[in-house]
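Heads up: the structure comes next, in structure tokens.
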Amino acid sequence: MTRAYLFMSAALILSACGSPDSEISATETPDATVVTAPTEIPPVPESAAAEAFDADGAVLILVDRVVSEPDACLLMMSVVNGTDNRVTAGLFAFDVTGNGQSAGANMFPQTTEAGDVKTAQIVMPGADCANAQVIEGGQLNCRIADTGESCVEVTELRDGVVEFRTDD
């Protein structure tokens, strides 16, 4: 049982770090089964660069799709870089709420080239995607990759599939 738990933990970590184009896959073992065909909301096209999101001079963070798994909900969150610099941006300590349910999550910083879009997978084990209706709170993090200077002043949360709310 311990080996199965470690295998599943490693699979979740690897899927969270994988590219958004890679499919989540696993094998059936005597101890666990992982479904390989998630139901998902169609993604925002990766080929759409920052100008498609009206990100001129800004760094945007948004949820571009939600993937339902039998035992988890995956939020695909994108960093859209409309600046002239390579940036590292993320959102920490936010809550995903809806239908009376709440789950805490973190989007670790994604390094994104100027004019590009980078997508991260946020895994919420045990969560139902029907409850992923609103993202509340959170702490934005943005740094210019080459200098380490803050770029939080040009970073904003933008509505995507999931509406953003910030605490006032």
For region 75-168, alpha-carbon Rg over 2.2 N^0.38 Å: 1.10
Solvent-accessible area, 1.4 Å probe, carbon plus sulfur percent, for region 114-153: 42 percent
Residues of region 113-157 with amide N under 12 Å of a point placed 7 Å along Cα→Cβ from Asp95: 134-138
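The values are calculated or read from the model by the stated rules, or taken from the named source; none is laboratory data. None of the values given here were measured: they were computed from a predicted structure. When we count neighbours, we look across all protein chains shown, and the Cβ atoms used for this are built from the backbone with ideal geometry, even at glycine. With ligands, DNA and RNA removed, areas are computed over all heavy atoms of the protein, side chains included. Shrake-Rupley method; radii C 1.70, N 1.55, O 1.52, S 1.80 Å.
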